[in-house]
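A.B. asks: Sharing a structure here in structure tokens format.
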Amino acid sequence: MRRTYGIDIDCANCARKVEEAISEVDGIESVTLSFVDKRMFIEVSDGNVDRFDEIEKAAEETAHRVESDFRMWRTDTVSECDDEKEKDTYLIPRICTGVAFLAFGLLLEYVLDWNIDGTVLRAVFLIGLLVVGYDVVVNAVRNLVHARFLDENFLMTVATLGALAIGYWTESVAVMLFYQIGEFFQDRAVDRSREHVKALAELKAPYATVIRNGKTQTVQPESVEVGETVAVGPGEMVPIDGIVTAGEGFVDTKAMTGEPVPRHVGVGDKVLAGYINTSETLMVRTETAYRDSASAKILALIEDSASRKSRSEKFITRFAKVYTPAVVLCALAIAVIPSVADPSGWKDWVYKGLIFLVVSCPCALVVSVPLSYYCGIGRASKDGILVKGSTFIEALSGIDKAVFDKTGTLTKGEFSVNRIEPEGMSETELLDLAACAEAFSDHPISKSIIGRLGHDIDPSRISDSSAIPGKGVEAMVDGRVVTVGNVRMMKECGIDLESEGDRSETNVYVAVDGKYAGRLVISDGLKDDAEDAVSSLKDMGVRTYMLTGDTEPVGKAVAERLRLDGYRAEMLPGDKTSELERIMSSSEGKTCFVGDGINDSPALARADVGIAMGCIGSDSAVEAADVVILDDSPSKVASSIRISKRTQTIVAENIVLALAVKFAILALTAFTDAVDMWIAIFGDVGVLVIAVLNAVRALRIPRGDARNRMSEERCGD
């Protein structure tokens with residue numbers, strides 16, 4: 001069992017320590033703390049579910065021992081915490097006070113020639129230090145009492161008070177002031193990136209207006225049952241997936257799909273939870289319970305995404321454990337050993353040691369790397385691409401082969417029966433028998449046959465229905481054995497086909513009591529952006545393949561039109577997985593598989609990155625996938641790879657920048673006199689601000705696919 005918590009903590013490195021401490025609490029199976037989106041997930045084993053409240057209390061007490069300002073609350077009982085708002089209220093005036101003290105110190109040092117006693121100046125600047133960073137000092141003292149002194153609060157406090165003690169008044173205030181400025185920029189950048197993902201997290205309608213006994217009732221979406229009718233007024237959000245039964249107009253799908261152009265809907269059209277009605281009232285007959293609706297599934301996926309950390313994030317976590325203690329020991333050695341050897345120069349060596357302490361803060365790395373991934377995920381979500389965690393952003397950036405399913409992925413999946421060619425019976429009878437046999441299948445072809453029938457099917461006519469994946473179905477209809485499927489199924493059943501018809505078309509063959517009875521010709525067109533999708537991937541150097549259960553001629557026709565690098569047809573679900581593994585082993589790069597159906601789930605799970613079409617895709621496909629495209633546009637496969645590559649580049653830039661600057665300053669401090677406290681401040685706060693601003697660039701990665709460009713142009717018109 002797992003619970004989700006909101007958290008309030010203002011230090012990324014402290015968040016890491018809290019996570020490590022809570023993971024040691026007895027009864028906790030796993031804990032994941034995400035500083036960027038300020039959530040925590042605690043999971044306990046089945047045997048400890050009854051103790052969850054007790055374990056939760058122990059976790060909170062443990063967290064407070066590590067970080068006294070830490071706050072946590074159940075997201076199902078409290079929506080947010082107000083402590084952070086209070087801190088923001090006083091932070092800016094304190095920063096302004098620090099600027100005033102810094103200006104005063106610079107005037108004293110470089111302009112005015114006042115003869116002021118050093119003790120008086122220390123007292124004045126100590127007051128300034130406490131005003132600017134009293135919370136930092138208080139936390140440092142608390143941590144010292146609990147024997148935890150390798151965090152940012154303690155390091156900054158020692159550095160500022162040490163600089164003040166040896167007469168570097170201006171620098172002492174500067175260290176604390178710029179540390180607080182860095183924290184301010186960090187919080188603002190995190191909040192900005194969170195807004196892009198927050199739009200998805202607010203997909204749940206606050207209420208549903210349901211029609212019961214001819215009267216309207218306002219209820220929670222969870223209490224609406226399947227088959228009930230809900231009224232969605234102008235400006236209201238669709239609460240549950242359903243079919244429009246009355247009214248027509250436009251719905252805003254941007255939060256769900258990233259599409260800026262409103263979509264027209266009318267009677268018979270499907271609408272998803274999370275769409276916003278922008279015109280007249282729509283009456284919607286619900287097709288699912290809320291827990292199975294599109295928005296509920298997306299919210300669950302968002303919740304899971306924070307627990308999947310990339311290799312870069314795990315590296316930074318391990319690095320911070322070693323880096324900070326090592327630099328602090330070096331600072332101590334530099335301050336003490338030379339001072340003992342040459343007491344006359346002790347101030348200079350202590351000053352060098354303080355520089356080491358300032359530079360030792362790992363916040364630039366600990367914040368910027370997960371923030372970069374979070375911004376990348378937020379940018380993808382803005383385009384209707386849900387990435388289930390930073391580990392898949394990292395994997396997507398290395399994709400060099402894309403393998404597509406055909407039906408519902410590259411094609412619309414909106415089948416229609418073009419022709420009915422019976423043998424020895426009427427068209428009406430052949431269609432009726434085929435539709436009855438397909439009655440319990442949710443395959444798009446089955447739905448097209450049932451839809452062509454045009455009326456409800458009496459289930460009492462049907463018995464012993466069974467589906468053979470990749471081949472067809474068989475059922476007893478009115479006491480007759482009806483077999484409906486492809487050529488392979490007919491041959492396996494020993495049914496002699498008088499004519500296979502045009503094999504470049506999709507043919508569904510029907511046999512009754514072991515004898516061929518005719519065929520239905522089905523059509524399915526390519527999606528509007530399928531060619532753009534393949535073209536964009538090729539421009540990026542990604543090879544494209546297609547695996548389909550359809551016939552060889554149909555598969556060949558689609559592959560040639562899209563100019564794919566390869567294809568395989570007439571494949572069973574198991575065959576797809578085997579062929580996918582062969583493609584994956586053909587080079588060292590990573591492979592993504594793009595699909596939408598239940599039979600695609602094994603391949604989606606097996607691929608380096610599984611990408612599911614989330615709007616029409618099956619639940620199992622969405623669950624097995626690592627990335628979900630909410631509007632079923634194949635062109636967004638290229639968009640997701642483009643966003644991931646850019647995000648991964650930004651991550652690499654931040655790691656190289658932070659490590660290069662910090663190690664350069666440490667080396668120059670140890671072996672030369674070229675570094676002063678101002679350079680150390682830049683090495684800490686300056687690098688943090690630069691890295692954070694660079695991370696936020698991931699939110700502005702441009703769209704590159706033709707379909708999105710066309711949408712933007714239409715929106716502009």
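A.B. asks: Can you give the FRET efficiency to the nearest 0.05 for Arg291 and Phe663, using r as the Cβ-Cβ distance and R₀ = 45 Å?
C.D. replies: Working: r = 51 Å, r/R0 = 1.14.
Efficiency computed from Cβ-Cβ geometry: 0.30.
A.B. asks: I would also like to ask the following. Only four residue types carry charge here, +1 at the Cβ of Lys and Arg and -1 at the Cβ of Asp and Glu. Report the dipole size of the chain about the Cα centre in Debye, rounded to the nearest 20.
C.D. replies: Roughly 1720 debye for the chain.
A.B. asks: What accessible area per residue comes out for the chain, rounded to a whole number of Å², with a 1.4 Å probe?
C.D. replies: Per residue, the chain has 42 Å² of solvent-accessible surface.
A.B. asks: Moving on to the next point. Place a point 7 Å from the Cα of Asn418 along the Cα-to-Cβ direction; which residues of region 547-572 have their backbone N under 20 Å from it?
C.D. replies: The answer is 548-563, 569-570, whose backbone nitrogens lie closer than 20 Å to the label point.
A.B. asks: Roughly what would the spin-label model give for Glu552 and Asp539, points 7 Å off Cα along C-beta, in nm?
C.D. replies: Those two pseudo-labels are separated by 3.6 nm.
A.B. asks: Normalising by the residue count of region 315-462, find the relative contact order in percent from Cα pairs under 8 Å and 6+ residues apart.
C.D. replies: After rounding, I find 14 percent.
A.B. asks: Only helical DSSP H runs with n ≥ 4 go in: add -39500 (n - 2.57) per run for the chain, normalise by residue count and round the 222 nm mean residue ellipticity to 500 deg cm²/dmol.
C.D. replies: -16000 deg cm²/dmol
A.B. asks: Considering only protein heavy atoms and a 1.4 Å probe, what is the carbon-and-sulfur percentage of the accessible area of the chain?
C.D. replies: Roughly 54 percent of what the probe reaches on the chain is carbon or sulfur.
A.B. asks: Find the Rg to Rh ratio for region 350-508, where Rh is the Kirkwood radius over alpha-carbon pairs and Rg uses the same atoms. Before the final figure, lay out the partial values.
C.D. replies: Details: Rg = 28.0 Å, Rh = 20.7 Å.
Over the Cα atoms of region 350-508, Rg/Rh equals 1.35.
A.B. asks: In addition: Binning at 5 angstrom from zero up to the longest distance, how are the C-alpha pair distances of region 517-655 distributed in percent?
C.D. replies: 2, 10, 17, 22, 23, 14, 6, 3, 2, 1, 0, 0, 0, 0
A.B. asks: Which one, Met237, Tyr373, Phe101, is farthest towards the positive end of the dipole of the chain when Lys and Arg carry +1 and Asp and Glu -1 on their Cβ?
C.D. replies: Checked the options; the winner is Phe101.
A.B. asks: Whole Å is fine, so just give me how far the alpha carbon centre of region 637-655 lies from that of region 517-591.
C.D. replies: 26
A.B. asks: Measure up Lys538/Lys590; Lys270/Lys556; Lys515/Lys576 against 24 Å on the Cα-Cα distance and list the ones that go over. The partial results should precede the final answer.
C.D. replies: Details: Lys538/Lys590 15 Å; Lys270/Lys556 32 Å; Lys515/Lys576 31 Å.
Table pairs above 24 Å Cα-Cα are Lys270/Lys556; Lys515/Lys576.
A.B. asks: How many angstrom lie between the Cα centre of region 1-60 and the Cα centre of region 321-397?
C.D. replies: 24
A.B. asks: Find how much the distance from Thr97 to Ser466 grows on full extension, using 0.36 nm per residue of separation minus their present alpha carbon separation; answer in nm with one decimal.
C.D. replies: Length gained between Thr97 and Ser466: 125.2 nm.
A.B. asks: Taking every DSSP beta bridge with both residues inside the chain, roughly what % is antiparallel (nearest 5)?
C.D. replies: Bridges in the chain that DSSP calls antiparallel: roughly 75 percent.
A.B. asks: Cα centroids of region 407-444 and region 462-477: how far apart, whole angstrom?
C.D. replies: That distance is 14 Å.
A.B. asks: How long are the three semi-axes of the equivalent ellipsoid of region 453-526, in whole Å, if each is the root of 5 times an eigenvalue of the C-alpha gyration tensor, listed from largest down? Show your work: numbers first, answer last.
C.D. replies: Working: eigenvalues 89, 52, 26 Å².
In descending order, the three semi-axes are 21, 16, 11 Å.
A.B. asks: Counting alpha carbon pairs within less than 8 Å and at least 6 residues apart, what relative contact order, in whole percent, applies to region 1-64?
C.D. replies: Over region 1-64, the number comes to 39 percent.
The values are calculated or read from the model by the stated rules, or taken from the named source; none is laboratory data. As the structure is a prediction and not an experimental result, all values here were calculated from the model. Note that each Cβ is placed from the backbone with ideal geometry, even for glycine, and that neighbours are counted across all protein chains shown. Protein only, heavy atoms only, side chains kept; ligands, DNA and RNA dropped before computing areas. Shrake-Rupley method; radii C 1.70, N 1.55, O 1.52, S 1.80 Å.
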